Each structure stands twice: as C-alpha cells, then as structure tokens.
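The values are calculated or read from the model by the stated rules, or taken from the named source; none is laboratory data. Bear in mind that the values here come from a model prediction, so they are computed numbers and not experimental data. Virtual Cβ from ideal backbone geometry, glycine too; neighbours counted across all protein chains shown.
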C-alpha cells in the first residue's frame, strides 16, 4: 500500500518532534539544575507600627527550608551561607525544616556533620535564631536539636530572645512546629513583657491568622511553602502544603501585623523549581511610612 505521507510531511513531523524534545530537555535542565541553584537576595522594607527608635534600620537575614540531606548538600549550603554573610545583617533567622524526610538515616548523619561545619562559620559571626519545622519533627527532633546546638544555632522552642540597643529592646519569639501541634502560643505570650515589641518566628505562614489576633506581634517570619516550587504563569503554584496555602510567598499585611513568607533555599521531592527562585530575604525594619 502506498503511503499518503509525503517526504515533506515526514520531515516536518521529525522537525516538530525534534523541537519538542529540545524544548523538553531545556525546560528540564532549567527547572532541575539551573533555577534551584539561582539564589535570589530579596530586599524588603517592613514599616512596623511600633518599633523602638534604636532598631530603625535593623536588618534581618531570613532563610528557611534548608532541607539538608536531599538536594541541599555541603557545597550548596556553603553558597547560601556565603550569600547571607555578604549581606552583613544584624541578625540571622531560620524558620524551620533544617533536614528532609520522615525518618533519620545514615545519610542524615553525614548531612548533619556538613551542616554543623558549614553553619558554624555563620554563627561565629552573627546571632542565629531558629525554630523547627515539620520535617525536623518527622525525622527526629532530638537529633535535629543536637545538630543545631553543635552548630551554634539558638532554637526558640516556644520561647523568646531579647535584643538590646541603646537601652531599648526588641523581642524575637519562636513557636515550635504547628503541623505537629507543638506550638504553645498562649504560654509564650504570657511570658512576654506586657508591652514588648516582638517579632514571631513560626514555620507555617498560615498560622498568622491566629498569631495576629491580639496584636502581640509586629511581624511574623515563616517558610514551609517553598513558594510552591513551581509557579505557573497566570495560574500560580498548583501544589501548596497545609498551613501554607493562603500566604505562600512574599510580604503580606494581616490586620495590623506583617508577615513575610520565604520561598526557602532548599527543596523537597520532586527537586525542581520553576518561576520560583530560592531566596535569602533581607528585611529592613523601619517605622510606619
């Protein structure tokens, strides 16, 4: 039987599939290799309603969702630390998910050693405050906490840390993970001084709808969502985690309180990012505009 497909049609089909294959390969490389390592420094001015005069212009470097033990390895974490150091912040905060997975493994033992050695260079230069995330509890919170302590990272486990400048104070409060129900906000608030100017660290951003209710906090810093990792044009992120669906990325005002949700520096599987670069956020605190 004679084919009805001409030679010209045949080569057009080959050309089409060739272009499609090259396009697929290019997108795969970009999303799997290039963008995940294309770290962005996001500079954000935050106009706080109340802020001690001594802390105006105070700069906080915020990172989240390191997830060491997966895509994040020693050299990639070293790059993150170098970028943070280049910003010369007054304070570094990390909002959870230091490790990755649902159980602790031998691979995480090795990753923890890498974390301690790399992060120690940051904690020897800047105060570094942190809270745990859901992956830190899913793997092993005891081992994660030991890793942080060895690295010089101070965890705020339903507790707060007081900063002092020229006789004025700013409080950094931290809640344990919300997904696992470890947060004790009311107890934490009861221990804060009555008129304390405080910033809250909590892994899950959507918790802001509870933390903003009584005006105790000026600003909440969170992660958890990774910004969605994949953000489709005109659609947004098709997949977001529980407690990270309403405020997945960037700066929001919720009542009189501000929230900043970091896109994170690491990833969970599938290890791809598209239109959602990893970030180091540098927040400059100022009074109201």
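The table that follows gives values for the structure above.
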item: Output for region 263-278, where each listed residue is under 14 Å from residue 67 (Cα atoms) and surrounded by 20 or more Cβ atoms within 10 Å (Cβ to Cβ); result: 263, 264, 265, 266, 267, 278
item: Hey, residue 120 at pLDDT 95 or above, assigned to a loop (DSSP other than H, G, I, E, B) and surrounded by fewer than 18 Cβ atoms within 10 Å (Cβ to Cβ) or not; result: no
item: Residues being farther than 18 Å from residue 156 by Cβ, surrounded by fewer than 24 Cβ atoms within 10 Å (Cβ to Cβ) and more than 13 Å from the chain's Cα centre (by Cα) - total across region 56-83; result: 15
item: Some residue of region 94-101 being in contact with a helix residue (DSSP H, G or I) (Cβ under 8 Å, 6 or more places away or on another chain) and farther than 18 Å from residue 223 by Cα; result: no
item: Residue in region 253-262 that is in contact with a strand residue (DSSP E or B) (Cβ under 8 Å, 6 or more places away or on another chain), modelled with pLDDT of 95 or more, under 28 Å from residue 47 (Cα atoms) and surrounded by fewer than 16 Cβ atoms within 10 Å (Cβ to Cβ) present; result: yes
item: Of the criteria (1) under 19 Å from residue 257 (Cα atoms); (2) touching a strand residue (DSSP E or B) at 6+ places or on another chain (Cβ under 7 Å); (3) not in a loop (DSSP other than H, G, I, E, B), which one residue 163 fails; result: (1)
item: Some residue of region 172-185 being out of contact with any strand residue (DSSP E or B) (no Cβ under 6 Å at 6 or more places or on another chain) and under 20 Å from residue 265 (Cβ atoms); result: yes
item: In region 170-201, residue surrounded by the fewest Cβ atoms within 10 Å (Cβ to Cβ) [restricted to those that are touching a helix residue (DSSP H, G or I) at 6+ places or on another chain (Cβ under 7 Å) and under 20 Å from residue 246 (Cα atoms)]; result: 180
